[in-house]
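Every number here is computed from the coordinates shown, using simple stated rules; none is lab data. As the structure is a prediction and not an experimental result, all values here were calculated from the model. Glycine gets a Cβ as well: all are built from the backbone with ideal geometry, and neighbour counts include every protein chain shown.
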Amino acid sequence: MTNRDTLHKQEIFSLKNIVVSGLVLFYIIFIIIPISIAFVGSFHQWNPLKGTYTFNGIENYIRVFNNELFWSSLSNTLVFTFVVILFRIIIGLGIALILYSSIVRCKTFFRAAFYMPVVTPLVAVSFIWVWMYNPQMGLINQILGTHNNWLVNKDTALGSIMVMTIWKDYGYAVVLFLAGLYSLPKDCYEAAKIDGASGVKLFKYITLPLLKPMTLFVVITSIISYLQTYIQILVMTEGGPGTSTYVTSYLIFDEAFVKYNFGYASAISFIMFIVIGMLTFISFKISSEKGGQGNE
Amino acid sequence: MSKNIKLWIVHCILVIFVIITILPLVWMLSSSFKMNSEITSITPTFIPKTFTFKNYLNVQKNFNFLRYFANSLFITVVITGIVIYTSTISGFVFAKYEFRGKNILFSIILGTMMIPWCVTIIPRYSMVLAVDGLDTYLAVIIPAAVSGFGIFMMKQSIVTIPEEMLEAARIDGASEWFIFHKIILPLSQNAISSIAIFQFLWSWEDYLWPYLIFSSEEKQVLAVGLKNFNGRYGTDYGGLFAATTISIIPVIIVYLIFQKRFIDGIAASSVKG
Amino acid sequence: MSSKAVIILAIGLPLNLQIECCKAYFKEDIMKRFLSIFLAVTLLMTLVGCSGEKEAEKEIVNDTTAEKNLPILGDNVKFDPNILINNGEPIEIEFWVWDSKEIFQSIVDEFEAIYPNISIKIVSQAWGDYWTKLPLSIQGGNGPALFSVHNSQHDNLINNMEPYDIDIEDLKADFTGVEGHVIDDKVYYIDYGMMTGSIFYNKDMWAEAGLIDSDIPETWDEFTKVAQKLTKKDDDGNIIQAGFNYNSDVKSIIMGLNYQKDQLLFKEDGSTPDIDNKIMNENIQFLIDLYDEYGVGSKDFGISDAESFGQGQSAMVYKWGWYYNQLSNDYPDVNFGVFRTPVPDENVPFAYDRYNGESTIGISAKADDASKEVAQAFIRYFMSNNEALKELCIKYSIFPSKKILADDEEVINHPVLSTIKPVVDRLIWPGPFPGIIETTLQQSFEDVIYNGNDVGTSFANGNKKVITDMEGISFTSVEKKYKHIDNK
């Protein structure tokens, strides 16, 4: 390292210094400061419209925990996250395995097709599905021959949004799992086959454990993303019918930009931050418990 | 024989999934060419009975869609360009230099990607209000100028550039800036393409922040415009389908052209990570 | 999104995987060139394509002639155009609206024609966006100088509004209902008209069912029978034409139904909302029975009543005056008629319905003095401009507050207004109550009809929620000022 340093002229305005200071500045302004403002603000009665900013301790947080709507939103969010991740992984892994097997041809075509919904803009796609679910003229009722009002019936509303999200995102899991499969060391399989293992056993004891890092990857990115679901709810049900499809992001937006309770909304945001952190941590823990890293 | 049956079944499953995946998009496309009366009739059709372009013409006439499209394109391209530059130069610094606090800073940058948008969006909005930055392009572009993901990707890529090349250039008297612009940038084209496509897609579909910032129609982006269109003309289904198609098709076209490289890029970055 | 994925790096994957990734990177820098050219060309094309769309911006110049030889407008509230505004120097202000851009634009155009030094830029945004952005914008001091007001947002706006520079007595002489808007001897906005609900019916379906004009119902019982005649079902019993549809807009009709039966929206103290009571339960049940027992519609058929009526799939809907405009714009093919909302029985009800005042334009208190001067002048122009006011009223079926317009021919013969005129003083105004109440009413109703919860519980919960949500808001209802308050 010192060789390099002596070769350079020590300038104040070296590329390195400018870049580093720029980065530090950017992150302070756009991340550190906002988080601090939000954090401090969550302990205040903060209404920007009325210009109020009075300290009220943990009152906001207590209100959050006493708010029935918060709990129902949270439970919706958690259910949504869990179910969508589950299906994303199952379908993604399943399709990836099928594609991986040597008998399939045109792999790139299939892969490209499955990934297409992932790149489509969420707002636009949410609209398409709203119309697909329309009881009179929607595609879903046409194909299934039913007359259900999917998005307005409380039993099917959240589920319908979940289906749409799974449709949109499973391709991502397919691509990742496929990549993971391709990178698995072949010698493991050779060794196992020599030992007489085949089919299901191979899958269960070698493939699955080796795919663990990839699965963890998908799970964690999904957790972070789905716990903040907002657009689909906004476009497809607006939290309805009643408040049965409220999710926490929707609640936060409502509190912040309709009722101008910035402090209260910040409190909810921080709680969600912690939830995301906790779930991520739990995922790590679960995965490292069961066998840890790939074996040689 | 069982192998043939297996082949057949397996391909069937895949084809079914392809159909399920593509069907909504095809339905949207086909409906955008139907007359409103056909779309909403009690007895629906799939392929338009009477093919019409009127929906697309109306969309432009009523709602100046090209303006939204141009705005989205402008903002997306600018942000993507800036992100490419900042990511590459930051990646360069992290890959090839040492400085105090380097690891801490890098971890912070990575860690910030986990922060939910709801935590930062309220304070950022207040900050924009305070500097009277509402309804400006800058308020949308600047906060997006640095991407942790981009920095990470570029670092991974630049690390593989042999140190000897840089040393040779330095011995020849090249400045760091020269090294960056003439050596690093050209050699990182693959990683740059990956980031570019990602950032492009992400900026293109961003809704919440542009929604809060822009009030005038001339500056609004496509994602928000589409939602407004649905609000105001919520009954002109033909127009809605046309508008949605306009929002999606360009993305799909870009995707289809670059998909192999794009998908490989994601796969690579995640296999590693 | 994979952009968040990077955290996993920390796990430290086996080295061979890390090497694999590097090999997986793709070569081909031709693609990159392709991409940039493609994008540049598209960008260029679209920018060129829409540069022609830009509205011709008005060029503002100095105004040097105060004496314009124009007539003075107005009756009591007068507008004398023969002055210089802002000393004739060029000035530009913004005017935010959520609708009716064309009408306001024509008024603005006339105003600008008189004053070559003034340019008023109208910015139109969808209702939801409008209320997300306007309050904070004017508070920040850099928002529009003029903006359309809706009294359900009174509380969010009033602190940043500038009082009208118009004599209150003159206002009272020209307009009805001014008293309700006087705060500390100042007026920040008034109503240019009253809007209420009516029943819109499809004349073709009416004729098809064999009904004639004398069949127009006056009580809810008669209404139910008529609705049944207008309902059509297919062989499986599914509705294909609804006799009456209220989906997605119960919040509008339910308050009217309650007032008909003497039920006020607020309690004795005037500020506690009262949406959990016997009459509410009765009326909600009535609406539900219309669908379930009398089969005139279905919660799943035509999920938006406005749309369903416009698409020719529902025969009757209860809508407020603005729907008249939507029908003319979006559904010109529907042959519709209007009749007054039915009442419980042949007695004169406590109130036929509630009305809401459609508010005039607001001025931002934080605008600079020059902008305020322009704004005040424009407001005065607007208020003394009978033609413009009449046009707004006709378009949105608003019964004009300007006294002189109440007897205007067009108003008297307007399909909606002609049904309202006879009962105009039997309409009650609760005051500028916050929009949260309507939202909660709708949510509570959906909770009952879609989620299957019991009426009492849902509305009890709704009541609690509304009280909590209104905690920071100081609102007092003006129900007690209703002329016939003692006739309960």
Note to self: Please report, ordered by residue number, every helix of chain A (full DSSP H runs) that is 20 Å or longer along its axis going by C-alpha atoms and whose mean Kyte-Doolittle hydropathy reaches -1.0.
What the structure shows: A:68-100, A:154-182, A:208-226, A:262-289
Check: When the Karplus curve 6.51 cos²θ - 1.76 cosθ + 1.60 is applied with θ = phi - 60°, which whole-Hz ³J(HN,Hα) does each residue of the range C:376-381 get, with x for Gly and Pro?
Finding: 4, 5, 5, 4, 4, 4
Next item on the list: Rank B:Val18, B:Val159, B:Val140 by mean-square fluctuation in a GNM of chain B with C-alpha springs under 10 angstrom and give only the top-ranked residue.
Entry: B:Val18
Check: With each label point set 7 Å from Cα along the Cα-Cβ vector, what nm distance links C:Asp368 and C:Ser271?
Finding: 3.9 nm
Checklist line | From phi via Karplus (6.51, -1.76, 1.60), per-residue ³J(HN,Hα) for the range C:434-448 in Hz, x at Gly/Pro | finding: x, x, 4, 5, 5, 4, 5, 4, 5, 5, 5, 5, 4, 4, 6
Check: What list of ³J(HN,Hα) couplings, whole Hz, do you get for the range B:72-81 from phi and the Karplus terms 6.51, -1.76, 1.60, once you set θ to phi - 60° and write x for glycine and proline?
Finding: 4, 4, 4, 4, 5, 5, 4, 4, 4, x
Checklist line | Alpha carbon centroid spacing (whole Å) that separates the range C:178-219 from the range C:89-168 | finding: 27 Å
Check: So what is the calculated 222 nm ellipticity per residue for chain C, using -39500 (n - 2.57) for each DSSP H run with n of 4 or more, over all residues, to the nearest 500 deg cm²/dmol?
Finding: -12000 deg cm²/dmol
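Once you have the Cα-Cα distance between A:Asn66 and A:Lys201, take 0.36 nm times their residue separation minus that, and quote the gain in nm to one decimal. Intermediate results must be reported in sequence, preceding the final value.
Values: separation 135, 0.36 × 135 = 48.60 nm, distance 5.00 nm.
Gain in length upon complete extension: 43.6 nm.
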Margin query: For the range A:184-242 and the range A:92-164, what is the centre-to-centre distance using only Cα atoms, to the nearest Å?
Written below: 19 Å
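Computed FRET efficiency, Cβ-Cβ of C:Asn329 and A:Ser36, R0 60 Å: what is it to the nearest 0.05?
On the way: r = 49 Å, r/R0 = 0.82.
Between C:Asn329 and A:Ser36 the formula returns 0.75.
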Check: Using alpha carbon centroids, what distance separates the range B:31-74 and the range B:163-195, in Å?
Finding: 49 Å
Margin query: Take C:Lys186 and C:Ser418, extend 7 Å from each Cα along the Cα→Cβ direction, and tell me the distance between the two endpoints in nm.
Written below: 4.5 nm
Checklist line | Dipole axis of chain B (+1 Lys, Arg; -1 Asp, Glu on Cβ), positive-most option in B:Ala191, B:Phe65, B:Tyr97 | finding: B:Phe65
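For the ranges B:247-254, A:177-184, what's the packing order if you count other beta-carbon atoms within 10 Å of each residue, average per peptide, and put the highest first?
Working: B:247-254: 18.6, A:177-184: 21.1.
Ranking the peptides B:247-254, A:177-184 by packing returns A:177-184, B:247-254.
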Check: With the contact rule set at Cα under 8 Å and sequence spacing of 6 or more, what percent relative contact order holds for the range B:63-272?
Finding: 35 percent
Notebook entry, point to check: Between C:Tyr294 and C:Asp165, what length comes free when the chain is fully extended (0.36 nm per residue of separation minus the Cα-Cα distance, one decimal in nm)?
Noted result: 40.9 nm
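Grab the beta carbon distance between B:Val10 and A:Ser75, set R0 = 45 Å, and tell me the FRET efficiency rounded to 0.05.
Numbers: r = 39 Å, r/R0 = 0.86.
Calculated transfer efficiency: 0.70.
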Next item on the list: Please label the shape of chain C as rounded, prolate or oblate, based on the square roots a ≥ b ≥ c of the eigenvalues of the alpha-carbon gyration tensor (a/c under 1.5 means rounded; beyond that, a/b larger than b/c means prolate, else oblate).
Entry: oblate
Notebook entry, point to check: For chain A, modelled as a Gaussian network with Cα springs under 10 Å, which listed residue fluctuates most, A:Lys259, A:Lys204, A:Lys154?
Noted result: A:Lys204
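Estimate the FRET efficiency between C:Ser214 and A:Ser288 by the formula 1/(1 + (r/R0)^6), using the beta-carbon distance for r and 60 Å for R0, to the nearest 0.05. Before the final figure, lay out each step's value.
Numbers: r = 81 Å, r/R0 = 1.35.
Once rounded, the FRET efficiency stands at 0.15.
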Check: What does the charge dipole of the protein assembly as shown about its Cα centre add up to, to the nearest 20 debye, if the Cβ of each Lys and Arg holds +1 and the Cβ of each Asp and Glu holds -1?
Finding: 5780 debye
Check: Between C:Lys68 and A:Ala191, how many nm apart are label points set 7 Å from Cα along the C-beta direction?
Finding: 9.2 nm
Notebook entry, point to check: What is the dipole size for the range C:358-456, taken about its Cα centre, with +1 at each Lys and Arg Cβ and -1 at each Asp and Glu Cβ, in debye to the nearest 20?
Noted result: 300 debye
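Given the DSSP H assignment, sum -39500 (n - 2.57) over each helix run of at least 4 residues in chain A and divide by its residue total; what's the result at 222 nm in deg cm²/dmol, nearest 500? The partial results should precede the final answer.
On the way: 15 runs with 204 residues, N = 296.
About -22000 deg cm²/dmol.
In what sequence do C:Asp80, C:Asp454, C:Asp63 fall when counting other Cβ within 10 Å, fewest first?
Working: C:Asp80 14, C:Asp454 11, C:Asp63 20.
Listing C:Asp80, C:Asp454, C:Asp63 from fewest to most nearby Cβ atoms yields C:Asp454, C:Asp80, C:Asp63.
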Note to self: Check which residues have an amide H placed less than 5 Å from C:Glu94's amide H, if you skip close sequence neighbours.
What the structure shows: C:Lys121, C:Ala145, C:Leu146
Margin query: Below 9 angstrom from the Cβ of C:Gly180, what's the summed charge of the other residues (Lys, Arg +1; Asp, Glu -1)?
Written below: -1
Note to self: Quick check on the exposure proxy: order A:Thr156, C:Thr196, A:Thr54 from fewest to most C-beta atoms within 10 angstrom.
What the structure shows: A:Thr54, A:Thr156, C:Thr196
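What's the local net charge at C:Ala306, with K and R +1, D and E -1, over the other residues with C-beta under 11 Å away? Walk me through the numbers on the way to the answer.
On the way: positive: C:Lys319; negative: C:Asp249, C:Asp305, C:Glu307, C:Asp330.
Net charge in that neighbourhood comes out at -3.
Classify the range A:69-295: rounded, prolate or oblate, from the alpha-carbon gyration tensor (a ≥ b ≥ c, eigenvalue square roots; a/c under 1.5 rounded; otherwise prolate if a/b is larger than b/c)? Walk me through the numbers before you get to the answer.
On the way: a/c = 2.73, a/b = 1.53, b/c = 1.78.
Oblate shape, in that a/c is at least 1.5 and b/c is the bigger or equal ratio.
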Notebook entry, point to check: Can you give the helix-only mean residue ellipticity at 222 nm for chain B, where every DSSP H stretch with n ≥ 4 adds -39500 (n - 2.57) and the sum goes over all residues, rounded to the nearest 500 deg cm²/dmol?
Noted result: -23500 deg cm²/dmol
Note to self: Based only on other Cβ atoms within 10 Å, what is the fewest-to-most ordering of B:Thr21, B:Thr136?
What the structure shows: B:Thr136, B:Thr21
